[in-house]
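Have a look at the structure below, then the notes.
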Amino acid sequence: MASPYSGGDREKLTSKLPAPLRQELKVRAAQLGVDVQDAVAAGITAWQAHDSALPTIDTAGADSFGTYLPEGMYDVFKADCADRGVSYIQGLAQAVRLWLDQNAGTEATPRNAQPARRIVVANQKGGVGKTAVAGGTAQGFAEQGLRVLLIDYDPQGHLSHQLNIPAFDAGEESLVTHMLEREKTRKTIRDLAVVIPGDRFGGRLHVLPAAFDAFLLDGGLAMFRGPRHAVFERALASAETDYDVIVIDSPPSLGLAMDAALYYARKRTEEDTGRSGVVIPVEAEDSSAKAYGMLIRQVDALSADYDLDIELLGLVVNKYDARRGFIATSSLEKWQALGTPPVLAVNKDLREQREAVRVTQPLLEYAPDSEQAHTMRKIVKELS
């Protein structure tokens with residue numbers, strides 16, 4: 001019998017799903033090479049065809065969950081839930097559980113079943129090129145065919161401005177409200193993200209804009225009742241199934257907001273070494289070395305306080321120009337001599353990045369064959 005949902009269009013499903021069930025769905029889908037949205041659609045179809053009553057799923061404490069269904073399935077499914085006398089949330093949980101039971105996984109968890117990679121681009125010093133490196137790295141991953149979320153975590157909003165994306169006004173739903181006032185949120189993180197257009201990224205590069213009230217985030221975290229170091233992870237948990245890589249453009253600060261981002265980038269128990277962590281842009285001059293030392297002390301303190309493994313994935317020596325003489329060349333040699341973390345790439349001070357900012361386009365879209373674009377691809381290769 002032909003499916004009534006055979007159209008090519010999809011529509012958003014927004015509901016809630018218990019975190020363990022959501023994680024099991026993500027892992028099983030990856031094991032079987034199935035997209036999560038297709039797994040959910042198959043589960044709903046099986047649920048609709050199931051004649052006998054299904055066990056009740058404990059949905060207490062379920063978090064926001066969003067995916068995309070074939071056009072028309074959403075409304076029919078909600079009506080079927082009402083007919084069966086179960087809530088929409090319970091019906092979805094049963095459908096996911098049914099799909100998991102009908103689609104056995106493998107004993108070993110493959111690499112692509114691991115959590116989304118989480119890369120924090122950080123340095124306490126402003127002006128070292130965090131935004132350029134974060135943006136270029138995210139673009140490079142998306143160009144490879146991965147689904148990428150690029151987060152403008154800096155309240156100054158340079159990344160959003162450079163891509164001509166409006167920042168969220170104070171009080172408007174944003175990453176900040178998802179961190180501090182989750183009970184007031186109505187949208188998912190994916191709903192808040194903006195898709196970067198163009199064939200190069202194929203709709204795979206999404207940007208979560210800055211929020212003006214992020215200036216107050218440290219103060220809000222200081223008064224937050226609960227584990228403040230985990231609020232960034234809590235806010236992003238529901239989005240991880242939607243993306244392969246999450247890249248965070250951090251603010252030039254070492255406060256509580258930065259602690260939350262660093263905690264999010266820690267190596268998780270089920271995760272391979274070298275997948276997630278911190279990328280540090282630096283310049284070939286003395287003040288960058290001092291700022292680097294401050295960041296390392298913060299990472300070490302946070303790691304000791306919470307028994308974490310926060311990996312330093314590498315350095316990017318940014319805006320390098322050998323014509324600046326001995327200070328530049330000798331500083332580069334010192335960065336390279338560190339060994340750990342390694343220098344992932346040396347990004348020269350060339351015009352294409354500045355021009356891309358002026359015309360509000362991604363660098364890899366504006367000048368895909370430029371030396372700087374190839375440097376961003378080299379960073380991605382080294383991280384991969």
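Assuming charge only on the beta carbon of Lys and Arg (+1) and of Asp and Glu (-1), the dipole of region 248-384 about its Cα centre is about 380 debye to the nearest 20. Each residue of region 122-254 gets 102 Å³ once the volume of the Cα convex hull is shared out per residue. Summing charges over all other residues whose Cβ lies under 12 Å from the Cβ of G277, with Lys and Arg as +1 and Asp and Glu as -1, gives +2. Gap in Å between the Cα centre of region 197-235 and the Cα centre of region 245-283? Their Cα centres are 13 Å away from one another. Take D244: with every protein chain present and a 1.4 Å probe, its accessible area is about 50 Å². Please check which bits of region 152-174 a label hung off L216 would reach, taking the label as a point 7 Å along Cα-to-C-beta and the cut-off as backbone N under 15 Å. Output list for this probe position: 155, 168-174.
Using bins of 10 Å that start at zero, the share of Cα-Cα pairs per bin across region 32-128 amounts to 12, 38, 26, 12, 8, 3, 0, in whole %. Distant-in-sequence amide contacts of F168, defined by a placed amide H-H separation under 5 Å and a gap of 5 or more residues or a different chain, comprise A210, A211, F212.
The residues of the chain present an accessible area of 45 Å² per residue when probed at 1.4 Å with all protein chains retained.
Available extension along the chain between R182 and Q23 is 55.2 nm, counting 0.36 nm per residue and deducting the alpha carbon span. Which net charge results for the neighbourhood of M376, defined as the other residues with beta-carbon distances under 13 angstrom from its beta-carbon, given Lys and Arg at +1 and Asp and Glu at -1? Its environment carries a net charge of -1.
Stretched out straight at 0.36 nm per residue, the stretch from R84 to Q336 would grow longer than its current Cα-Cα span by 84.2 nm.
Taking the longest Cα principal axis of the chain as reference, the axis of helix 88-102 is set at about 90 degrees.
Here L350 and R200 are evaluated by their C-beta separation; at R0 = 25 Å the FRET efficiency comes out at 0.80. Here the contact order of region 186-284, divided by its residue count and restricted to Cα pairs under 8 Å and six or more residues apart, works out to 23 percent. Each label point was placed 7 Å from the Cα along the Cα-to-Cβ direction; for E11 and D101 their separation is 2.9 nm.
Ordered from largest to smallest accessible area (heavy atoms of protein chains, 1.4 Å probe), the residues D242, D169, D51, D80 come out as D51, D169, D80, D242. Accessible surface ranking for I57, I246, I327, 1.4 angstrom probe, highest first: I327, I57, I246. In the context of the full protein assembly, R297 retains an accessible surface of approximately 150 Å², using a probe radius of 1.4 Å and ignoring ligands and nucleic acids.
For region 37-191, the Kirkwood hydrodynamic radius comes to 19.2 Å, computed from all pairs of different C-alpha atoms.
Projecting the alpha carbon convex hull of region 8-89 along each direction and taking the average yields 5.6 nm².
Taken along its three principal axes, the alpha carbon spread of region 277-384 comes to 44, 32, 23 Å, from the longest extent down to the shortest. Which net charge results for the neighbourhood of D154, defined as the other residues with beta-carbon distances under 14 angstrom from its beta-carbon, given Lys and Arg at +1 and Asp and Glu at -1? Once positives and negatives cancel, what remains is -2. What translational diffusion coefficient, to the nearest whole µm²/s, does the chain have by Stokes-Einstein, given a Kirkwood radius computed over alpha-carbon pairs, a temperature of 25 °C and 0.890 mPa s viscosity? Reported coefficient: 111 µm²/s. Distance between the 7 Å Cα→Cβ label points at D191 and D307: 3.8 nm. This model, with +1 at the C-beta of Lys and Arg and -1 at the C-beta of Asp and Glu, gives the chain a dipole about its Cα centre of some 580 debye. As an equivalent ellipsoid, region 211-265 spans semi-axes of 20, 13, 10 angstrom, where each value is the square root of five times an eigenvalue of the C-alpha gyration tensor, largest first. Rounded to two decimals, the Cα-based Rg/Rh of region 127-201, with Kirkwood Rh, is 0.98.
Axis angle, to the nearest 10 degrees, between helix 19-32 and the longest C-alpha principal axis of the chain: 80 degrees. Taking a straight line from the alpha carbon of K319, these lysines sit under 24 Å away, with near neighbours fewer than eight places off in the same chain left out: K125, K130, K290, K334, K348, K378, K381. Bridgeable lysines around K16 (alpha carbons under 21 Å apart, same-chain partners fewer than 8 residues away excluded): K26, K78, K184, K187.
Relative to its Kirkwood radius, the Cα radius of gyration of region 219-326 gives an Rg/Rh of 1.01.
The values are calculated or read from the model by the stated rules, or taken from the named source; none is laboratory data. Keep in mind the model is a prediction, meaning the values are calculated, not measured. Backbone-built Cβ (ideal geometry, glycine too); neighbour counts: all protein chains shown. Ligands, DNA and RNA are excluded from the accessible area calculation, which covers all protein heavy atoms including side chains. Shrake-Rupley method; radii C 1.70, N 1.55, O 1.52, S 1.80 Å.
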